[in-house]
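Engineer: Submitted below is the structure of interest, expressed as structure tokens.
The values are calculated or read from the model by the stated rules, or taken from the named source; none is laboratory data. Since this is a predicted model, take the numbers as computed values, not measurements. FYI the Cβ positions are ideal-geometry reconstructions off the backbone, even for glycines, and counts take in every protein chain you see. Note: areas computed on protein heavy atoms with side chains; ligands, DNA, RNA excluded. Shrake-Rupley method; radii C 1.70, N 1.55, O 1.52, S 1.80 Å.
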Amino acid sequence: MSQLSAAASCPPILPLKHGDIEGTATLPLSDYHAIDQQLLHKIAYDALVWSSLHGLVTGDKSVERSGSVPGVGLVHAPFTLFPASFPRSHWKQACELAPVFNELVDRVSQDGEFLQDSLSRTKKVDEFTSRLLDIHSKMLELNKKEGICLGLHRSDYMLDEQSKALLQIELNTISSSFAGLGGLVTELHKKLIIGRHHHIGWFLLRNMLSHYGELLGLNSDRIPSNTACNQFVDALAKAWCEYNDPRAVIMFVVQADERNMYDQHMLSLALRERHHITSVRKTLAQIDQEAELLPDGKLFVDGQAIAVIYFRAGYTPLDYPSESEWRARLLMEKSSAIKCPSISYHLAGTKKIQQELAKPGVLERYLENKDDIVKLRKCFAGLWSLDESDITKRAIERPELFVMKPQREGGGNNIYGGAVRDTLIKLQKAGSQEDAAYILMQRIFPTSFATFIMRSGCCHKNHAISELGIFGTYLRNRDKVILNEQSGYLMRTKISSSDEGGVAAGFAALDSVYLT
Ligand code: ADP
Ligand code: HGS
């Protein structure tokens with residue numbers, strides 16, 4: 001049965017939702033084959049089945065009775081039907097930057113004075129950042145040194161259409177998500193393009209079973225493999241080994257109302273299956289209730305020794321609704337358990353530090369290799385503090401060319417367009433110190449392309465833009481660097497009219513990469 005007639009037996013065509021672009025789409029990747037609705041539907045249908053069968057899902061608590069089970073109200077994670085084109089040269093550039101950014105975070109994290117000084121004005125006007133700095137200065141007072149440092153980072157980039165420059169959006173050093181689900185989308189896109197290989201009559205069967213590659217002029221070899229899940233898990237396992245207590249477990253610090261738990265469970269499952277390491281999930285409030293810190297620094301939670309603390313919460317003020325959560329964060333920081341991230345790594349990943357590191361001569365304080373410094377600077381977009389009057393003046397004139405950012409993570413916090421001007425004028429009028437809570441950044445305009453986004457079972461054809469995240473894993477035990485690698489990727493694609501990004505924040509869809 002040919003592919004086209006196979007499509008005919010499918011249920012009615014997926015509705016194109018309001019606001020989608022009408023008419024047949026021109027795929028961004030093939031030589032502009034138009035794709036007909038029947039074929040599109042067949043592909044979308046197969047993709048939805050695949051995603052449910054392979055755990056490309058997010059959970060919610062809508063259907064559970066008691067609070068103790070994971071979110072069993074499952075829906076597929078938003079994903080694109082086809083990978084997003086990305087130039088091979090820029091892909092290579094982004095991958096090569098990963099170990100350099102890993103080393104930079106580790107070096108900056110050890111300069112407590114730089115972190116405190118750079119954030120000292122922010123501290124006065126931003127309660128959340130101030131509390132993080134208090135924990136950090138407490139560690140400085142105690143002269144607490146982190147013997148073993150583990151970083152699971154993701155550096156996000158956009159390819160600026162006008163300059164063709166690969167520019168960093170930000171570096172995430174805490175709760176860098178989607179190492180799990182991101183790899184599944186890579187697998188989905190590869191499977192959609194090429195079917196299962198059967199050894200008997202391999203060539204013949206391959207032609208019959210290969211899904212849509214030939215039809216769409218796509219070649220799955222152009223989709224880079226994505227080992228983010230296993231590399232994150234192997235880094236966590238190596239850190240666990242360095243802690244050297246076989247009874248100890250890895251603790252995931254999670255949000256009570258987490259929806260992205262299956263991205264986290266994928267890591268837990270792989271820890272057990274690949275390394276026979278047990279992981280436990282606790283909220284900050286539970287840790288405050290159940291944790292015990294022994295005089296020798298060993299941390300026990302609910303009676304279990306903790307070797308590694310992996311934060312998938314604690315990056316936003318929303319995670320600290322009371323003093324209980326702050327007590328838990330401080331207690332963990334005081335312990336000898338390996339924090340991922342430590343408070344220093346967490347602070348090194350703030351947007352204010354990103355902006356300070358972009359100042360002339362600052363990178364030279366942390367890195368020796370001149371080539372590395374050149375490589376880093378090449379991917380820096382314009383970054384400024386608000387006390388640079390010529391920039392704020394320009395931002396008031398042309399607010400659409402800037403993004404204004406508070407020291408927040410998790411998406412949905414940035415200021416765009418006219419609101420940039422309004423906020424700057426308000427801050428100037430108030431003459432307050434509030435401006436220290438923000439940074440200004442050059443707005444990056446990637447090329448927009450037509451793609452298909454699957455969300456809640458519906459296929460939306462939209463003009464979209466993409467953001468490439470490259471994962472990095474880093475592990476150091478005192479003066480021995482055990483691991484410093486690029487570790488897979490996350491491609492996120494969002495409709496080009498949306499200012500914000502973020503899958504968890506509900507703006508973007510998970511995607512993969514098609515090298516051109
Ligand atoms: P968060 O840490 O909350 O995710 P980010 O700095 O990553 O904040 O920004 C969130 C989203 O906003 C990004 O995923 C991207 O879609 C958009 N964004 C951020 N900075 C820029 C920029 N300079 N140019 C264009 N878009 C940006
Ligand atoms: C989790 N629910 C991030 N992490 O990586 N954002 C996106 O999954 O543990 O949503 O697009 C939490 C930020 C990019 C992924 C979400 C870096 C979270 O928001 C954690 S701090």
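Engineer: Of Lys238/Lys375; Lys461/Lys494; Lys164/Lys494; Lys138/Lys238, which sit over 23 Å apart, Cα to Cα?
Structural biologist: Check vs 23 Å cut-off fails for Lys238/Lys375; Lys138/Lys238.
Engineer: Out of region 42-81, which trypsin sites (Lys or Arg not before Pro) are coil in DSSP terms and have no more than 10 other C-beta atoms within 10 Å?
Structural biologist: For trypsin sites (Lys or Arg not before Pro) across region 42-81 that sit outside H, G, I, E and B with at most 10 neighbouring Cβ atoms in 10 Å, the list reads Arg65.
Engineer: Which percent of the accessible area of region 342-407 is formed by carbon and sulfur heavy atoms (probe 1.4 angstrom)?
Structural biologist: Accessible surface attributable to carbon and sulfur in region 342-407 totals 53 percent.
Engineer: Next question. How are the Cα pair distances of the chain distributed, in percent, across 10 Å bins from 0?
Structural biologist: Result returned by the calculation: 4, 18, 28, 26, 16, 6, 1, 0.
Engineer: Longest span of the chain, sites excluded, free of GluC sites (Glu not before Pro) in DSSP loop with at most 10 other C-beta atoms within 10 Å?
Structural biologist: Result, exposed sites excluded: 23-367.
Engineer: Further, regarding this structure: Alpha carbon centre of region 57-121 versus region 435-506: separation in Å?
Structural biologist: Here the answer is 8 Å between Cα centres.
Engineer: Could you provide, to the nearest whole Å², the per residue accessible area of the chain with probe 1.4 Å?
Structural biologist: Roughly 42 Å² per residue, with all protein chains present.
Engineer: Can you pull out the trypsin sites (Lys or Arg not before Pro) in region 211-272 that DSSP calls coil and that have at most 13 other Cβ atoms within 10 Å?
Structural biologist: Qualifying residues, ordered by number: Arg247.
Engineer: Considering only DSSP states other than H, G, I, E and B, which trypsin sites (Lys or Arg not before Pro) in region 458-495 qualify as loop sites with at most 14 other Cβ atoms within 10 Å?
Structural biologist: Within region 458-495, the qualifying trypsin sites (Lys or Arg not before Pro) (loop, at most 14 other Cβ atoms within 10 Å) are Arg478.
Engineer: Further question: Check cross-link reach from Lys191 to the lysines: straight Cα distance under 17 Å, and skip same-chain residues fewer than eight apart.
Structural biologist: Of all the lysines, those that pass the test against Lys191 - Cα under 17 Å, at least 8 places apart if same chain - are Lys42.
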